[in-house]
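Below: one structure, written as structure tokens.
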């Protein structure tokens, strides 16, 4: 006899929204089922007290381990807030109804929780939350009656507004769309449907700015110490800004001359080059960072941020040398999520400022950013005859078409046709 699945609709909800790994869905449904049974036996005044009382009952049970309590807590929050929460869909008008005004603070709080459950970065969390707040403000300003609902059509109007009146770039509009898609899919549980009739911001074909080899040399001449080391690694390895900032000691392989990029863009890992010319400087730099880490340990700190799953599985790994950042911040700080005192990695603004200052001192008139060093890395490899597919792997591009943009840059730097004016002057 086949056993009926526990809370099949809740399991389908978790699976369709990809909120938890498939292998854990049945366990999440089990904890939600236990929670429902608990509420039936011990009715509570509200959802908050019900979830708190249920969590306390699990902690008091010697047969339930700590990791099971954490899993049960996540399962119940998903069940109460996202699956059975007040953001239920009214199928007739495709609106969100909650018996009155939507609790914006609660909705944003739920979105922040869902972002962290999916392990998005703190910068993505801040960006997404900011777009949701701007979206809510826009809808409130454009509706004549009291604002009581959010509809998928509001997204179309908001995105069109950004393109027409805001005159935002295509990348900015896409960023807003991704934030709102996350809100509707993972928090509100609503399908936004077809957005083909949305006014899209124009996306022109832009050739990236690339430095010549001489300009890279001039740039480096205006930098020193750690700033110079970071710039040389950026150019020599083709790293993105945050990939450099988040490098861990164990990602550097001096023997194989490689740098491992973990959880890069698109949540992908890859291996790129460790330039031989930076090995000595990087080795000396790490010796200094090791002394700083030992000092932090002696002061009762020395722990760095760890991916959540690893943090639970290896609670002491955050203090190990191999997990420390290659380029740490100069001061300790409070982690905004956990509240722990840690030494975070160097900020992106510090790297940007160092490069920007050197560009001015070098007298380079081009619009140079940190990412320009990555563009230059790819273009100069092409100039040296490296295969486009190999460059694609080093850069971590999903499609070779993305990498092909550098062939346009190279075409403009070499084998260019002779201007008719030059031909005339020769005659």
- Query: If the Cβ limit is 6 Å and pairs must be 6+ apart or interchain, which residue in segment 109-127 that is over 20 Å from residue 306 (Cβ atoms) pairs with which residue that is at pLDDT below 85 and in a helix (DSSP H, G or I)?
  - Reply: 110/81; 110/187; 111/187; 114/186; 114/187
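Pull up segment 250-259, narrow it to residues that are surrounded by fewer than 17 Cβ atoms within 10 Å (Cβ to Cβ) and in contact with a helix residue (DSSP H, G or I) (Cβ under 7 Å, 6 or more places away or on another chain), then point me to the one that is modelled with the lowest pLDDT. Explain how you work it out, then say what you get.
Taking segment 250-259 and keeping what is surrounded by fewer than 17 Cβ atoms within 10 Å (Cβ to Cβ), we get 250, 253-258.
Within this subset, residues satisfying the condition of being in contact with a helix residue (DSSP H, G or I) (Cβ under 7 Å, 6 or more places away or on another chain) are 250, 254, 257.
On the way: 250: 95, 254: 95, 257: 92.
Ranking the candidates gives 257 first.
Return yes or no: is residue 115 in a helix (DSSP H, G or I), buried (at least 16 other Cβ atoms within 10 Å of the Cβ) and either out of contact with any helix residue (DSSP H, G or I) (no Cβ under 6 Å at 6 or more places or on another chain) or modelled with pLDDT of 75 or more (or both)?
Values: in a helix (DSSP H, G or I): yes; buried (at least 16 other Cβ atoms within 10 Å of the Cβ): yes; either out of contact with any helix residue (DSSP H, G or I) (no Cβ under 6 Å at 6 or more places or on another chain) or modelled with pLDDT of 75 or more (or both): yes.
Yes.
Residues checked against (1) modelled with pLDDT of 85 or more; (2) in a loop (DSSP other than H, G, I, E, B); (3) closer than 30 Å to residue 358 by Cα:
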residue: 162; (1), (2), (3): no, no, no
residue: 173; (1), (2), (3): yes, no, no
residue: 176; (1), (2), (3): yes, no, no
residue: 182; (1), (2), (3): yes, no, no
residue: 186; (1), (2), (3): no, no, no
residue: 191; (1), (2), (3): no, yes, no
residue: 197; (1), (2), (3): no, yes, no
residue: 201; (1), (2), (3): no, yes, no
residue: 211; (1), (2), (3): yes, yes, yes
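Only one residue in 333, 347 is within 25 Å of residue 291 (Cα to Cα) and touching a helix residue (DSSP H, G or I) at 6+ places or on another chain (Cβ under 8 Å), so which one is that?
Working: 333 fails: touching a helix residue (DSSP H, G or I) at 6+ places or on another chain (Cβ under 8 Å).
Only one candidate passes the filter, namely 347.
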- When you go through (1) more than 12 Å from residue 179 (Cα to Cα); (2) modelled with pLDDT of 70 or more one by one for residue 108, which number turns out not to apply? (1)
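Here's a check for you: in segment 42-61, which residue that is in contact with a helix residue (DSSP H, G or I) (Cβ under 6 Å, 6 or more places away or on another chain) and part of a helix (DSSP H, G or I) is modelled with the lowest pLDDT? Let's see the steps before the verdict.
So in segment 42-61, the residues in contact with a helix residue (DSSP H, G or I) (Cβ under 6 Å, 6 or more places away or on another chain) come out as 44, 47, 50-51, 54-55, 58-59.
Still in the list and also part of a helix (DSSP H, G or I): 47, 50-51, 54-55, 58-59.
Working: 47: 68, 50: 78, 51: 80, 54: 86, 55: 84, 58: 87, 59: 82.
Per the stated criteria, the residue is 47.
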- Those helices (runs of 4 or more DSSP H) completely within segment 260-367 that have 2 or more residues that are within 24 Å of the chain's Cα centre (by Cα), surrounded by 15 or more Cβ atoms within 10 Å (Cβ to Cβ) and at negative phi are 348-362
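Just checking, which of 239, 229 is surrounded by fewer than 19 Cβ atoms within 10 Å (Cβ to Cβ) and under 26 Å from residue 361 (Cβ atoms)? First the steps, then the outcome.
Values: 239 fails: surrounded by fewer than 19 Cβ atoms within 10 Å (Cβ to Cβ).
Sole residue among the options that is surrounded by fewer than 19 Cβ atoms within 10 Å (Cβ to Cβ) and under 26 Å from residue 361 (Cβ atoms): 229.
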- Those residues of segment 391-412 that are out of contact with any helix residue (DSSP H, G or I) (no Cβ under 8 Å at 6 or more places or on another chain) and assigned to a helix (DSSP H, G or I) come to a total of 6
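The values are calculated or read from the model by the stated rules, or taken from the named source; none is laboratory data. As the structure is a prediction and not an experimental result, all values here were calculated from the model. Cβ sites come from the backbone with ideal geometry, for glycine too, and all protein chains shown count toward neighbours.
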